[in-house]
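Worksheet: the structure to be examined is printed underneath.
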Ligand code: C2E
Ligand code: CA
Ligand code: CA
């Protein structure tokens, strides 16, 4: 009796209650001993790429099911060779796998098996107890994507060092796209340093009012007037592109706070323009899909607008397709609230993602914002000579057929502007008219008319 309960205590102490796998602390010391005399082995960290989104949008109950299913799949793969493969739960959504006597490559059959197996749809409906109420739409199944980091023993590095290296390699794997694996290399350490530096800059900026906004004019090309501006965030301390620091902010979980800060800065600026009697243009605010977890965002925005008497016609939101990867009740509620408040929505970076024509017919956006890279490849004089620029014209009429306006960004030449005008394009944003400029410059900005 005593032995049985002792065993239970040990079990609870060493194993993770949810997945039944070894927990991190136990695994780290057990594996360290196990590998003490092994020269050749690989450490694999398996990270669920979209787990935070799943947890935040569907709730922890579904998050737990996902973790159980995924851990079961990894365990099955390990059991095929139980003498050399071992697995543990490493953190919330990360698993640690050890493969003895093997130096894995990113393309190894075993690695591919892990990626493929975990990427199989999880049949939620079958797994849920019948009494449980599924949130929002009935979700039948979910798919998870992995980032897999691998570190291979070199005879010198400690086991713990290799684990850290495998974690570093996950970032490179994730950059390569979802459901990828990557083997650690020395050079990746630089990315870590850069990331840490940006993280520190952001922490400092969030604490010390370290952000400011620039505004890039958007031109109504048919009328030749300013139709609005896009608010683009900058750091006061350092000239570093938001293209670099926004992804870090998303990864580090700062984007919700930054999203609110930029929103407040925009509202305060509109108030200042109004008080100075300057012309007031609608301002587009970028909304990152990583802000979806900030359930209070829309209320925050609406309260700020109300308090400062800002009409909804002066605020637009821009977001990317990734908002719809898990098209669920959270996204739908957010969009509905914004629509109810009469705030226009733009789909940013249109044309480079997975845009299926079908979803364009039901997502409630008012504007499609064609990505610069599309213009770069299809709206040049060479492309015109090959007749390729017709594609742009067709995209514009497609947008119009769907009842949406089209914004083309990244327009750099008079020739491009002229072509777009003749194609019936609605709005243009680009260096040809203006770079992002200060609020003072916006107040005196006029649309160039030469050419
Ligand atoms: P985006 O939303 O696609 O923004 C447009 C970017 O293209 C801006 O760069 C703008 O300066 C740049 N651009 C506009 N016209 C031209 C052109 O003619 N030529 C070239 N080469 N570039 C042009 P920026 O300000 O560096 O922003 C980069 C990205 O950072 C933005 O891409 C956006 O995704 C993100 N970002 C910027 N501000 C915010 C923000 O406040 N919140 C969030 N969540 N993301 C932001
Ligand atoms: Ca944008
Ligand atoms: Ca864009």
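Just so you know, the Rg over Rh for the chain is 1.03, from Cα atoms, with Rh as the Kirkwood radius.
At 0.36 nm per residue, and after removing the present C-alpha to C-alpha distance, how many nm does the segment from residue 38 to residue 299 gain when stretched out fully? Walk me through the numbers before you get to the answer.
Details: separation 261, 0.36 × 261 = 93.96 nm, distance 5.70 nm.
Using 0.36 nm per residue and subtracting the Cα-Cα distance, I get 88.3 nm.
Helix-only arithmetic for the chain: the sum of -39500 (n - 2.57) across DSSP H runs with n ≥ 4, divided by the residue total, places the mean residue ellipticity at 222 nm at -13500 deg cm²/dmol. All C-alpha pair distances within region 193-443, sorted into 5 Å bins from zero, spread as 1, 6, 13, 17, 18, 18, 14, 8, 4, 1, 0 percent across the bins.
Sorted ascending by nearby beta carbons within 10 Å, beginning with the fewest, 125, 337 become 125, 337. Over the C-alpha trace of region 10-186, radius of gyration and Dmax come out as 16.4, 54 angstrom.
Taking other C-beta atoms within 10 angstrom as a stand-in for reagent exposure, 432, 359, 287, 13 fall in the order 13, 359, 432, 287, fewest first.
What is the gain in length, in nm to one decimal, between residue 322 and residue 158 on full extension, counting 0.36 nm per residue of separation less the C-alpha to C-alpha distance?
Numbers: separation 164, 0.36 × 164 = 59.04 nm, distance 3.89 nm.
Taking residue 322 through residue 158 to full extension adds about 55.1 nm, to one decimal.
What whole number of Å gives the distance from the Cα centroid of region 370-403 to the Cα centroid of region 423-442? Cα centres, region 423-442 to region 370-403: 19 Å. Taking a ≥ b ≥ c as the square roots of the eigenvalues of the alpha carbon gyration tensor, region 38-96 is prolate, as a/c is not under 1.5 and a/b beats b/c.
If a/c stays under 1.5 just call it rounded; otherwise compare a/b with b/c (prolate if a/b is bigger, oblate if not). Do that for region 107-236, with a ≥ b ≥ c from the square roots of the Cα gyration tensor eigenvalues.
Working: a/c = 2.29, a/b = 1.25, b/c = 1.84.
Oblate shape, in that a/c is at least 1.5 and b/c is the bigger or equal ratio.
Could you give the angle, 0 to 90 degrees to the nearest 10, between helix 242-251's Cα long axis and the longest principal axis of the Cα atoms of the chain? Rounded to the nearest ten degrees, it is 40. Treating r as the C-beta distance of residue 385 and residue 438 and R0 as 35 Å, the FRET efficiency rounds to 0.35.
Within 10 Å of each residue's Cβ, count the other Cβ atoms and sort 219, 240 from fewest upward.
Details: 219 24, 240 14.
By the 10 Å Cβ count, ascending, the order reads 240, 219.
All of the numbers you see were taken from the coordinates with simple rules; none came from a lab. This structure is a prediction, so every number in the text was calculated from the model and none was measured. In this analysis, Cβ positions are derived from the backbone assuming ideal geometry, glycine residues included, and neighbour counts consider all displayed protein chains.
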